[in-house]
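Read through the structure below, which is laid out as structure tokens, and then see the notes.
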Amino acid sequence: DAGVTQSPTHLIKTRGQQVTLRCSPKSGHDTVSWYQQALGQGPQFIFQYYEEEERQRGNFPDRFSGHQFPNYSSELNVNALLLGDSALYLCASSPLLPLGYTFGSGTRLTVV
Amino acid sequence: GENVEQHPSTLSVQEGDSAVIKCTYSDSASNYFPWYKQELGKRPQLIIDIRSNVGEKKDQRIAVTLNKTAKHFSLHITETQPEDSAVYFCAASRATGTASKLTFGTGTRLQVTL
């Protein structure tokens, strides 16, 4: 049973560019959440998708957008990249209820 | 919104000793409290969780206690081993029928020395 898979594992982008990160949830999970983890910090909630809709959003600007597909996979898009966007981006999947997040290994984004 | 504070930020214990990590939360409607272990360069892994209708939960050497009145929950690790060395995060969530974001604490770096 595959867990949560994310791609790519590492990415280097230049300021101002756009990036798309991808996530496939664990089998049986229909809810996908995205988190940003800066070095030495706890994960910060970006947004959550369920039934292809954004259900909840954290304090992130509109440069951060996402999508969930009918097969429950998800994408995170970040436009106009800033140096401060450099972080580990974690995808977590779960059934909506009861809770039980499973995190992917993340995508390490470096903005130069 | 929810705010979760976690203490201490670093904790060093000798092998075999116990370790305690404490968290407080601000949203009295939070009803789900997981703990995650994150080793260097790896994903956070759920080690134990507790729901608001339970005061204590134990799984082998790991236990979590919840005090809803004080909005406080703690992780207890007994008989620590070197492989327990990692960063531990607490989190809180107000899980509803349509949303369940986690708010994380700032993490505790636990080092178990021989």
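The values are calculated or read from the model by the stated rules, or taken from the named source; none is laboratory data. If you're wondering where the values come from, they're calculated on a predicted model, not measured in any experiment. A quick note on method: Cβ atoms are made from the backbone with ideal geometry, for glycine too, and the neighbour counts reach across all protein chains shown. With ligands, DNA and RNA removed, areas are computed over all heavy atoms of the protein, side chains included. Shrake-Rupley method; radii C 1.70, N 1.55, O 1.52, S 1.80 Å.
Restricting segment A:86-110 to residues that are more than 10 Å from chain B (Cβ to nearest Cβ) and open to solvent by 10 Å² or more (accessible area, probe 1.4 Å), the residue that is nearest to residue B:48 (Cα to Cα) is A:86. Suppose the filter is buried (at least 16 other Cβ atoms within 10 Å of the Cβ) and without any contact (Cβ under 8 Å) to a residue 24 or more places away in the chain; does residue A:44 pass it? Considered against the rule, which asks whether it is buried (at least 16 other Cβ atoms within 10 Å of the Cβ) and without any contact (Cβ under 8 Å) to a residue 24 or more places away in the chain, residue A:44 comes out as yes. Restricting attention to segment B:8-30 and to residues that are among the polar types (S, T, N, Q) and farther than 16 Å from residue B:65 by Cβ, the residue that is least open to solvent (accessible area, probe 1.4 Å) turns out to be B:26.
With respect to (1) outside any strand (DSSP E or B); (2) surrounded by fewer than 16 Cβ atoms within 10 Å (Cβ to Cβ), the lone exception for residue B:5 is condition (1). Consider residue A:83 carefully, then state whether it is more than 12 Å from every other protein chain (Cβ to nearest Cβ), open to solvent by 40 Å² or more (accessible area, probe 1.4 Å) and more than 22 Å from residue B:46 (Cα to Cα). Considered against the rule, which asks whether it is more than 12 Å from every other protein chain (Cβ to nearest Cβ), open to solvent by 40 Å² or more (accessible area, probe 1.4 Å) and more than 22 Å from residue B:46 (Cα to Cα), residue A:83 comes out as yes. On inspection, residue A:15 qualifies as away from chain B (no Cβ under 11 Å), open to solvent by 40 Å² or more (accessible area, probe 1.4 Å) and either farther than 22 Å from residue B:94 by Cα or assigned to a strand (DSSP E or B) (or both).
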